[in-house]
Amino acid sequence: MPALDDVLEQRIHDLHDKCQRRYLHGTEYTDSVRVVRDGKSLLCFSGNDYFALSDHPEVKQAGQEALARYGAGARASRLVTGNHGLYASLEQRLAQMKHTQAALVFGSGYLANQGVISVLMGKGDLILADKWVHACMLDGAVLSGAKLLRFAHNDISDAKRILGQHRGSYRYCLIMTETVFSMDGDVAPMQDLAELAETYDAWLLSDDAHGLGIVEHTMQYPHTIQVGTLSKAVGGYGGYVCGSHILKEYLLNSARSFIFSTGLPPAVVASADKALEIMAQDKERCARPLQLAHMFTGLLGLPPAQSAIVPVIIGESEAALKVSAALQEAGFLVSAIRPPTVLQGSARLRVTFSAAHTEEMVLRLAEAVKLVI
Ligand SMILES: *Cc1c(COP(=O)(O)O)cnc(C)c1O
């Protein structure tokens with residue numbers, strides 16, 4: 001047998017040849033939109049802290065107080081001794097925001113999706129997922145043992161075709177989508193998906209990781225499970241599932257990523273609670289990222305932004321990396337996103353906007369992008 005490290009080196013080599021090798025870069029935020037990388041200060045358009053809450057004085061203070069009072073860690077899973085009293089307020093706030101009976105906080109968005117999907121569905125069931133859903137939703141589907149089929153991105157007629165053909169052969173059915181797609185920033189037709197789910201006797205799961213506070217969905221379908229993260233718009237860390245009381249009860253009794261993983265540090269829970277309080281009050285802050293994204297797409301003649309995420313499609317991985325490097329040279333951090341995260345031939349800049357960006361910053365970025373693409 002060849003040596004372990006030799007096998008791995010060959011694999012890394014192959015990734016490198018495909019322009020798919022990834023690197024960790026030391027990156028430090030000095031405020032909500034500026035980072036230092038390789039000793040150079042850059043204006044950042046790649047973060048997911050859409051409302052600049054990570055750096056909000058009240059959010060930090062809430063975390064600091066909880067850290068000082070309760071210590072650094074949760075010390076056990078939530079079912080043992082890790083269920084700090086602060087969770088009650090956080091979960092109530094989440095349920096209120098999502099108009100659901102209850103919410104359950106997980107260690108991360110990844111763990112939440114994986115946990116809920118893998119225990120909701122099982123052998124003999126059907127999961128129908130949008131082609132572009134996040135990796136953790138697919139992991140959950142695979143873990144569940146259910147049959148997984150994919151429909152063309154945001155294409156209701158394709159989803160309908162697949163359901164018509166296959167729904168009858170399975171017991172339960174779950175349709176999965178993201179409310180706002182993480183790499184394209186476009187919005188799912190939630191109302192149409194809900195109607196489809198109703199017609200074909202299916203449940204609906206939506207991941208609102210990039211939609212929370214940015215895009216409001218008024219869709220009402222009783223068999224809906226709403227998943228999301230506290231690590232993006234909320235500026236902290238953690239994940240959640242919102243739905244009925246009985247859903248919460250079932251998940252805390254069955255979801256393995258909930259049961260067998262330590263609770264969040266109390267400071268993280270306290271910060272998220274404060275951040276959600278600010279989001280509920282400060283509507284101007286919440287409207288800002290989309291306004292700036294609109295300004296940017298207007299300046300570049302791109303299709304109008306639907307969320308805080310704007311893709312600038314470049315094509316080949318190598319070209320996208322070059323454009324990103326040129327922007328870095330000009331003082332901007334805009335990450336290149338490559339396959340396998342996105343489809344072959346659709347490597348891109350993924351530009352994200354924050355409430356802490358100014359119009360002048362957006363103008364400067366647009367000028368810089370025009371020069372390098
Ligand atoms: C980031 C993301 C997740 C994972 O959330 P974390 O809290 O970072 O683990 C899940 N789903 C989508 C759509 C995401 O963009």
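The values are calculated or read from the model by the stated rules, or taken from the named source; none is laboratory data. This is a predicted model, so every value here is computed, not measured. Using ideal geometry, Cβ is built from the backbone for each residue, glycine included, and neighbour counts are taken over all protein chains shown. Heads up: the accessible areas ignore ligands, DNA and RNA and are worked out on the full protein's heavy atoms, side chains in. Shrake-Rupley method; radii C 1.70, N 1.55, O 1.52, S 1.80 Å.
Quick rundown of the values:
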{"item": "Residue match in segment 121-134 (condition: part of a helix (DSSP H, G or I), over 13 Å from residue 200 (Cβ atoms) and in contact with a strand residue (DSSP E or B) (Cβ under 7 Å, 6 or more places away or on another chain))", "result": "no"}
{"item": "Out of 352, 341, sole residue that is in contact with a strand residue (DSSP E or B) (Cβ under 8 Å, 6 or more places away or on another chain) and in contact (Cβ under 8 Å) with a residue 12 or more places away in the chain", "result": "352"}
{"item": "Residue that is nearest to the ligand (Cβ to nearest atom), among those in segment 101-120 that are outside any helix (DSSP H, G or I) and within 20 Å of the chain's Cα centre (by Cα)", "result": "108"}
{"item": "Segment 35-48 residues that are under 9 Å from residue 352 (Cα atoms), paired with ones that are surrounded by fewer than 18 Cβ atoms within 10 Å (Cβ to Cβ) (beta carbon under 8 Å, 6 or more apart)", "result": "44/29; 44/34; 47/29"}
{"item": "In segment 14-26, the residues that are open to solvent by 30 Å² or more (accessible area, probe 1.4 Å) and touching a residue at least 60 places away in the same chain (Cβ under 8 Å)", "result": "18, 19"}
{"item": "Any chance residue 78 is more than 16 Å from the ligand (Cβ to nearest atom), open to solvent by less than 40 Å² (accessible area, probe 1.4 Å) and among the basic types (Lys, Arg)", "result": "yes"}
{"item": "Single residue of 163, 174 found to be modelled with pLDDT of 95 or more and under 20 Å from the mean Cα position of the chain (by Cα)", "result": "174"}
{"item": "Yes/no for residue 269 being within 20 Å of the chain's Cα centre (by Cα), within 16 Å of the ligand (Cβ to nearest atom) and surrounded by 22 or more Cβ atoms within 10 Å (Cβ to Cβ)", "result": "yes"}
{"item": "Subset of segment 99-149 that is hydroxyl-bearing (Ser, Thr, Tyr), farther than 26 Å from residue 218 by Cβ and in contact (Cβ under 8 Å) with a residue 60 or more places away in the chain - its residue that is most open to solvent (accessible area, probe 1.4 Å)", "result": "110"}
{"item": "Whichever residue in segment 321-373 is part of a helix (DSSP H, G or I) and of a type in the set (Val, Ile, Thr) and, among such residues, is nearest to the chain's Cα centre (by Cα)", "result": "362"}
{"item": "Counted residues, segment 80-100 - those being under 26 Å from the mean Cα position of the chain (by Cα) and assigned to a helix (DSSP H, G or I)", "result": "14"}
{"item": "Residues of segment 299-318 satisfying the condition of being assigned to a helix (DSSP H, G or I) and either hydrophobic (A, V, I, L, M, F, W, C) or touching a helix residue (DSSP H, G or I) at 6+ places or on another chain (Cβ under 9 Å) (or both)", "result": "299, 300"}
